[in-house]
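Engineer: Structure provided below as structure tokens; questions to follow.
The values are calculated or read from the model by the stated rules, or taken from the named source; none is laboratory data. Just so you know, these numbers come straight off a predicted model, no measurement behind them. In this analysis, Cβ positions are derived from the backbone assuming ideal geometry, glycine residues included, and neighbour counts consider all displayed protein chains. For the accessible areas, the whole protein counts, side chains as well, though only heavy atoms, and no ligand, DNA or RNA atoms are used. Shrake-Rupley method; radii C 1.70, N 1.55, O 1.52, S 1.80 Å.
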Amino acid sequence: AQRVTQPEKLLSVFKGAPVELKCNYSYSGSPELFWYVQYSRQRLQLLLRHISRESIKGFTADLNKGETSFHLKKPFAQEEDSAMYYCALRVDSNYQLIWGAGTKLIIKP
Amino acid sequence: DVKVTQSSRYLVKRTGEKVFLECVQDMDHENMFWYRQDPGLGLRLIYFSYDVKMKEKGDIPEGYSVSREKKERFSLILESASTNQTSMYLCASQWAGSSNQPQHFGDGTRLSIL
């Protein structure tokens, strides 16, 4: 069955430190992966998608099909990065997404 | 900018009541979704609608129904509310032109069932 795993429920790093939020998926086909972010008291919103190969707010994510991973990285964390981050997988040309449980990122000053 | 509006930010109801959660989007999106968001469980899809009067069950449809009479409005109905339906409910809409289009979310409704 398709699944998205975010092994860390909570991740806390100091401002300026590198940050990596892990996302692993299980799917035998060709996946499409997304990172969504929810800042405090704001709505959930798309951060980036692997198909765009973009960097948003300094974050990047590379799809590694061999390791079935889509980790989110930023070299220097900022306090405003504190938020809840969700990894999501789309399969089979379906509009529905399979969501991970989320990782709460706390950036300490 | 896409606007997805959920009728209530907070709602308190009693066990056994019939509860309606409303969601309206202003971008003429074909697809609309209802999720539950619970700590440690992420987002779980309750129902999905891809057109007016069209719906599909998600992962956890039990105890819920939906209504899509107009394209812009997608309602979630708790037929007989129970305490285990206390949760944050998120509505989302999506343009159907391409399946890798983002889902746009509302602010959520925090529902408490007493």
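Engineer: Restrict the check to segment A:39-52 and report whether at least one residue is within 17 Å of A:Gln96 (Cα to Cα), touching a Lys or Arg at 6+ places or on another chain (Cβ under 8 Å) and either free of Cβ contacts under 8 Å to residues at least 12 places away in the same chain or not polar (S, T, N, Q) (or both).
Structural biologist: No, that holds for no residue.
Engineer: State all residues of segment A:84-109 that are more than 9 Å from chain B (Cβ to nearest Cβ), over 15 Å from A:Leu10 (Cα atoms) and surrounded by fewer than 20 Cβ atoms within 10 Å (Cβ to Cβ); if no residue qualifies, say none.
Structural biologist: A:Val91, A:Asp92, A:Pro109
Engineer: Taking the stated definitions as given, is B:Ser98 among the hydroxyl-bearing types (Ser, Thr, Tyr) and either out of contact with any Phe, Trp or Tyr (no Cβ under 8 Å at 6 or more places or on another chain) or closer than 15 Å to A:Ile98 by Cα (or both)?
Structural biologist: For B:Ser98, the condition - among the hydroxyl-bearing types (Ser, Thr, Tyr) and either out of contact with any Phe, Trp or Tyr (no Cβ under 8 Å at 6 or more places or on another chain) or closer than 15 Å to A:Ile98 by Cα (or both) - is met.
Engineer: With segment B:52-114 as the region, which strands (runs of 3 or more DSSP E) entirely inside it contain at least 2 residues that are touching a helix residue (DSSP H, G or I) at 6+ places or on another chain (Cβ under 9 Å) and open to solvent by 30 Å² or more (accessible area, probe 1.4 Å)?
Structural biologist: Those strands (runs of 3 or more DSSP E) do not exist here; none qualify.
Engineer: Within segment B:22-46, count every residue that is more than 18 Å from A:Leu44 (Cα to Cα) and surrounded by 14 or more Cβ atoms within 10 Å (Cβ to Cβ).
Structural biologist: Residues flagged as more than 18 Å from A:Leu44 (Cα to Cα) and surrounded by 14 or more Cβ atoms within 10 Å (Cβ to Cβ) within segment B:22-46 amount to 1.
Engineer: Let me ask something else about it. When the residues of segment A:1-22 are narrowed to those that are among the aliphatic types (A, V, I, L, M) and part of a strand (DSSP E or B), which ends up surrounded by the fewest Cβ atoms within 10 Å (Cβ to Cβ)?
Structural biologist: The qualifying residue surrounded by the fewest Cβ atoms within 10 Å (Cβ to Cβ) is A:Leu10.
Engineer: Continuing with this model, one more query. Based on this model, can you work out whether A:Asp81 counts as among the acidic types (Asp, Glu), open to solvent by less than 60 Å² (accessible area, probe 1.4 Å) and more than 13 Å from chain B (Cβ to nearest Cβ)?
Structural biologist: Taking the combined requirement at face value, the residue satisfies it.
Engineer: Go through segment A:1-38 and count every residue that is under 18 Å from A:Asp81 (Cα atoms), among the aliphatic types (A, V, I, L, M) and in contact (Cβ under 8 Å) with a residue 60 or more places away in the chain.
Structural biologist: Within segment A:1-38, residues that are under 18 Å from A:Asp81 (Cα atoms), among the aliphatic types (A, V, I, L, M) and in contact (Cβ under 8 Å) with a residue 60 or more places away in the chain number 6.
Engineer: Show the residue pairs that are 6+ apart or on different chains and have beta-carbon atoms under 8 Å apart, the first residue being within segment B:3-26 and at positive phi, the second being crowded, with 17+ Cβ neighbours inside 10 Å.
Structural biologist: Matching pairs, first to second residue: B:Gly16/B:Ala81.
Engineer: Let me ask something else. From the list B:Thr83, B:Thr109, which residue is in contact (Cβ under 8 Å) with a residue 60 or more places away in the chain and more than 12 Å from the chain's Cα centre (by Cα)?
Structural biologist: B:Thr83
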